[in-house]
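Colleague: Below you'll find the structure I mean.
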Amino acid sequence: VLKSLTKTNRMVVAEEGWPTCSIASEIIAVCMEEGFDDLDAPVMRVTNEDVPLPYAANLEKAALIDSARIIAAVKKVCYR
């Protein structure tokens, strides 16, 4: 991950989980500690909404990550 960060100087971490105490937060922590000098933009995290996962299909769809949210995060990191 750090080798890729040195090539691109940007990072978006997408995970179908909650934003705190997740694999995404650990990856971001390592990148901020060991690869901070390589970053040209803040690291973006795309995760599920920080709510209990709803049972209703329409609410579940709204709470889970989707490609539109990932694309928006990538554009934000690339300043577009």
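Colleague: Within segment 57-80, how many residues turn out to be within 19 Å of Trp18 (Cβ to Cβ) and part of a loop (DSSP other than H, G, I, E, B)?
Modeller: 3
Colleague: Now a separate question. Quick one: is Cys31 at positive phi and either of a type outside the set (Lys, Arg) or part of a loop (DSSP other than H, G, I, E, B) (or both)?
Modeller: Numbers: at positive phi: no; either of a type outside the set (Lys, Arg) or part of a loop (DSSP other than H, G, I, E, B) (or both): yes.
When the stated conditions are applied, Cys31 does not pass them.
Colleague: Okay, moving on. So which residues in segment 24-74 are under 12 Å from Leu5 (Cβ atoms) and surrounded by 15 or more Cβ atoms within 10 Å (Cβ to Cβ)?
Modeller: The answer is Ile27, Ile28, Cys31, Gly35, Asp38, Leu39, Val43.
Colleague: Follow-up. Which members of segment 34-51 meet the condition of being in contact with a Ser or Thr (Cβ under 9 Å, 6 or more places away or on another chain) and assigned to a helix (DSSP H, G or I)?
Modeller: Passing the criteria: only Asp38.
Colleague: Testing Ala24 on (1) under 19 Å from Lys76 (Cα atoms); (2) out of contact with any Lys or Arg (no Cβ under 6 Å at 6 or more places or on another chain); (3) aliphatic (A, V, I, L, M), one condition comes back false. Which one is that?
Modeller: Of (1) under 19 Å from Lys76 (Cα atoms); (2) out of contact with any Lys or Arg (no Cβ under 6 Å at 6 or more places or on another chain); (3) aliphatic (A, V, I, L, M), only one is false for Ala24: (2).
Colleague: Among the residues of segment 10-23, write down those that are surrounded by fewer than 13 Cβ atoms within 10 Å (Cβ to Cβ) and part of a loop (DSSP other than H, G, I, E, B).
Modeller: Residues of segment 10-23 surrounded by fewer than 13 Cβ atoms within 10 Å (Cβ to Cβ): 16, 20-21, 23.
Across segment 10-23, the qualifying residues are Glu16, Thr20, Cys21.
Colleague: Out of Ala29, Ala24, I need the residue that is modelled with pLDDT under 95 and either polar (S, T, N, Q) or more than 19 Å from Ile71 (Cα to Cα) (or both). Which one? Can you show your working first?
Modeller: Details: Ala24 fails: either polar (S, T, N, Q) or more than 19 Å from Ile71 (Cα to Cα) (or both).
Only one candidate qualifies: Ala29.
The values are calculated or read from the model by the stated rules, or taken from the named source; none is laboratory data. Fair warning: this is a prediction, and the values are worked out from it, not measured in the lab. We place every Cβ from the backbone using ideal geometry, glycine too, and count neighbours over all the protein chains shown.
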